[in-house]
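Novice: I have a structure here, written as structure tokens, and I will follow up with some questions on it.
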Amino acid sequence: MPKSFTPQIVTANDLMLGDVIYLTEGGWSRRHGDALVARSASEAQEMLATAQAQALKIVGPYLADTVLDDAGRPAPVHFREAFRTRGPSNYDHGKQADLRSV
Amino acid sequence: MYQYTDFDEQFVRARVQEFRGQVERRISGALTEDEFKPLRLMNGLYLQLHAYMLRVAVPYGTLNGAQMRQLAYIADRWDKGYGHFTTRQNIQFNWPKLADVPDMLDALADVSMHAIQTSGNCIRNVTADHFAGAAADEIEDPRPTAELIRQWSTDHPEFAYLPRKFKVAVTGAPNDRAVTKAHDIGLRMIRRDGVPGYEVIVGGGLGRTPMIGKVLNDFLPREDLLPYLEAILAVYNQHGRRDNKYKARIKILIHEEGVETMRSRVDAEFARIKAEFDGVPQHVVERIRAGFLPPVWKEADIAPVRDPGLRSFIDTNTHTHKQADYTIVTISLKGIGETPGDATSDQMRVMADLAERFSHDELRVSHEQNVILPHVHKADLPAVYDALRAAGLATANIGLVSDIIACPGMDYCALATARSIPIAQEISEAFSDLDRQRDVGPLKIKISGCINACGHHHVAHIGILGLEKKGVESYQITLGGDGTENAAIGERLGPGFAADEIVPAVERLIAAYLDLRLTPQETFLEAYVRVGPAPFKAAAYDEVQANAA
Ligand code: SF4
């Protein structure tokens, strides 16, 4: 793995609900922590292609930088991606807020 | 109120039916997202950060009680129980599900509403003075003009693919409450020697390159309006830059080529179009005029106001009506710490009831993200106030510090570079004491979450623009902007502030103003114009530098 590569995940919006989703090993999850992590540019491109092939389920897939926590789970780097994991800050009713009660 | 014709009804229903088919085909996979996206945008459906968003047109901001009640129903049935009123006098629903949108559009059509031309490079929803038909300073009601433009521009084949979006605003009063100088075309209704006409302003706009519009024609006779607008649009369509999205608005064309060139081109085009123009058919003119006749005013005894709460409310939230016994009530959607422009479905129903009972069934949405009851008899003010108070809608802060415009920013908008709403909420909390706000006096704070400037920050007394700097949110301040007939673009104060520094900086600016003002009557804007930016700059940055030292 080239040293300069920042780990990445693939994120998109769900076609039917519009909410934020992340590409996982077996499909898609609403949780950032479940996301599959690309550790090289070629892995990232492969994952993006996998996502793009699922245009029936999702909208606008893209790669986003991530950092791994101590347990190896991915967390967002950019504040926009952090907001996308949580929903809006003015009401506690983003889709991700709903997930807390799951 | 103006009622849509059978033609409008059939047109809207046909569009809903067509969109229903398009949604089905997207869901079945027959349409790709690339194919579907322009279709959904033509029907007001955006994909935002966390969900879809449906933008519903409120032509020139006018609604009746039944329409407001239907918006409440839609919010409950298909959204999360609230709606967001925007600076374009529209309403947005933030959480629709794709499969539900055709049903939402059908429910809108039931009350003559739709989401057409709320997106795309077309002529957008025409906006107007939110006190139209009511204000004492009005020369003429601008809404018949706005409605005529709506009918002319709806689905106009020549103007469906303009170089960029195109916004028109109309005011019928000398005190410009419709920000006409920041629109692609601003129309000011005027009279010359008793003859009604328009001052036509072009090339205003905010966004990346803010510009104040220039007068293209200082007196356009009323009957020439449509051929003249058509001439402007034709020149823009032909000469507007399609090579660069950021240079495609008409303001850039005028900036690059000069208003004189524009005028001679428009005049030539106008001469050609006018020769073939038979005039607006009389039955259309009559129909539109009939839709905006003033209500039958009532008479009632007005009791003296003793309740101090109501007195404060009258001071800030009412405006002089053309009928001496009536008043215009502005309902603040800016409760302390609340999201600017949001109303719950319950609040919408209260506003609908009040419109029906006390405002001749009329409501207006203002570009300042409040809702207006345009025709309230002064005898009914106590009842209106009590009902608003019970619904959490009686905040007496119109025109004050906490009456903030804020775009959705990065809490919702996919284009945002920073959040706007939490900044507005924090400023509002910092000035939660209404006496303190009244002491500060008239002050317009406007916040945008990116350079697109939907929050009109350029024309704010204190404008705040949210940007990204080195991976964090950063807020740039502009001072001295003005959205009235004396329109001015605010000047940038200096380097941006971090998210946790911006509200204290605003507080320091306001404290500096209180120190500087010559009398309590001198407003923030007047003081700024008198002394210039230097003392404000010193106040805003001093503490930051002291902390850094
Ligand atoms: S100004 Fe920017 S962030 Fe705010 S609503 Fe407009 S596009 Fe979105």
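The values are calculated or read from the model by the stated rules, or taken from the named source; none is laboratory data. Model, not experiment: these values are computed from the prediction. Here the Cβ positions follow ideal geometry from the backbone for every residue, glycine too, while neighbour counts run over all protein chains shown. Keep in mind that these areas ignore ligands, DNA and RNA; they rest on the heavy atoms of the full protein, side chains included. Shrake-Rupley method; radii C 1.70, N 1.55, O 1.52, S 1.80 Å.
Novice: Checking the conditions here, which among B:V202, B:V235, B:V179 is free of Cβ contacts under 8 Å to residues at least 40 places away in the same chain and β-branched (V, I, T)?
Specialist: B:V235
Novice: Under the condition of being open to solvent by 20 Å² or more (accessible area, probe 1.4 Å) and within 8 Å of chain B (Cβ to nearest Cβ), which residue from segment A:78-89 is modelled with the lowest pLDDT?
Specialist: A:S89
Novice: Of the residues that make up segment B:432-447, is at least one outside the structural domain of B:E338 (by TED's automatic domain parsing), surrounded by 24 or more Cβ atoms within 10 Å (Cβ to Cβ), part of a strand (DSSP E or B) and within 14 Å of the ligand (Cβ to nearest atom)?
Specialist: Checking segment B:432-447: at least one residue is outside the structural domain of B:E338 (by TED's automatic domain parsing), surrounded by 24 or more Cβ atoms within 10 Å (Cβ to Cβ), part of a strand (DSSP E or B) and within 14 Å of the ligand (Cβ to nearest atom).
Novice: Please specify each residue of segment B:288-305 satisfying the condition of being in contact (Cβ under 8 Å) with a residue 40 or more places away in the chain and within 17 Å of B:I139 (Cα to Cα).
Specialist: Matches in segment B:288-305: B:R289, B:F292, B:P294.
Novice: Would you mind stating whether B:N217 is more than 24 Å from the chain's Cα centre (by Cα), open to solvent by less than 70 Å² (accessible area, probe 1.4 Å) and under 24 Å from B:I190 (Cβ atoms)?
Specialist: yes
Novice: Among the residues of segment B:220-246, write down those that are buried (at least 16 other Cβ atoms within 10 Å of the Cβ) and part of a strand (DSSP E or B).
Specialist: Scanning segment B:220-246 gives a single hit, B:L220.
Novice: OK, next. Any idea which residue in segment B:449-469 is nearest to B:R249 (Cα to Cα), counting only those that are within 14 Å of chain A (Cβ to nearest Cβ) and within 15 Å of the ligand (Cβ to nearest atom)?
Specialist: Here the answer is B:C450.
Novice: Which residues, taken from segment B:3-37, are farther than 30 Å from B:R143 by Cα and of a type in the set (F, W, Y)?
Specialist: Selection gives B:F36 alone.
Novice: Mind listing whichever residues of segment B:279-305 are β-branched (V, I, T) and either open to solvent by 30 Å² or more (accessible area, probe 1.4 Å) or under 30 Å from B:D433 (Cα atoms) (or both)?
Specialist: B:V280, B:V284, B:V285, B:V296, B:I302, B:V305
Novice: Taking the options B:A414, B:A424, B:A379, name whichever one is more than 30 Å from B:R508 (Cα to Cα), assigned to a helix (DSSP H, G or I) and either open to solvent by less than 10 Å² (accessible area, probe 1.4 Å) or out of contact with any Phe, Trp or Tyr (no Cβ under 6 Å at 6 or more places or on another chain) (or both).
Specialist: B:A379
Novice: Does B:I502 meet the test of being part of a helix (DSSP H, G or I), more than 14 Å from chain A (Cβ to nearest Cβ), buried (at least 22 other Cβ atoms within 10 Å of the Cβ) and within 16 Å of the ligand (Cβ to nearest atom)?
Specialist: yes
Novice: Could you tell me which numbered condition B:F166 fails, if it satisfies all but one of (1) in the same structural domain as B:I250 (by TED's automatic domain parsing); (2) open to solvent by 10 Å² or more (accessible area, probe 1.4 Å); (3) under 23 Å from B:M53 (Cβ atoms)?
Specialist: It is condition (2) that B:F166 fails.
Novice: Still on this structure: Taking B:L465, is it in a strand (DSSP E or B), out of contact with any Phe, Trp or Tyr (no Cβ under 6 Å at 6 or more places or on another chain) and open to solvent by less than 60 Å² (accessible area, probe 1.4 Å)?
Specialist: yes
Novice: Can you name every residue in segment B:169-182 that is assigned to a helix (DSSP H, G or I) and open to solvent by less than 10 Å² (accessible area, probe 1.4 Å)?
Specialist: Hit for segment B:169-182 is B:T180, nothing else.
Novice: Mind listing just one residue for me: the one in segment B:306-324 that is touching a residue at least 24 places away in the same chain (Cβ under 8 Å) and surrounded by fewer than 15 Cβ atoms within 10 Å (Cβ to Cβ) and, of those, nearest to B:Q437 (Cα to Cα)?
Specialist: This residue is B:D315.
Novice: Restricting the search to segment B:497-539, which residues are among the polar types (S, T, N, Q) and more than 23 Å from B:S432 (Cβ to Cβ)?
Specialist: Matches in segment B:497-539: B:T519, B:Q521.
Novice: Out of the residues in segment B:390-411 that are farther than 15 Å from B:T316 by Cα and either more than 16 Å from the ligand (Cβ to nearest atom) or in contact with a Leu (Cβ under 6 Å, 6 or more places away or on another chain) (or both), state the one that is most open to solvent (accessible area, probe 1.4 Å).
Specialist: Ranking the qualifying residues of segment B:390-411, first place goes to B:A390.
Novice: Now for a separate question. Among the candidates B:D361, B:D386, B:D353, B:D403, which residue alone is of a type in the set (D, E, K, R), outside any loop (DSSP other than H, G, I, E, B) and touching a residue at least 24 places away in the same chain (Cβ under 8 Å)?
Specialist: So the residue among B:D361, B:D386, B:D353, B:D403 that is of a type in the set (D, E, K, R), outside any loop (DSSP other than H, G, I, E, B) and touching a residue at least 24 places away in the same chain (Cβ under 8 Å) is B:D353.
Novice: Please count how many residues of segment B:470-499 are within 14 Å of chain A (Cβ to nearest Cβ), away from the ligand (no atom under 16 Å from the Cβ) and part of a strand (DSSP E or B).
Specialist: 2
Novice: Just one of A:A44, A:A75, A:A49 is more than 14 Å from chain B (Cβ to nearest Cβ), small (G, A, S), open to solvent by less than 70 Å² (accessible area, probe 1.4 Å) and within 26 Å of B:Y412 (Cβ to Cβ); which is it?
Specialist: Only one candidate qualifies: A:A75.
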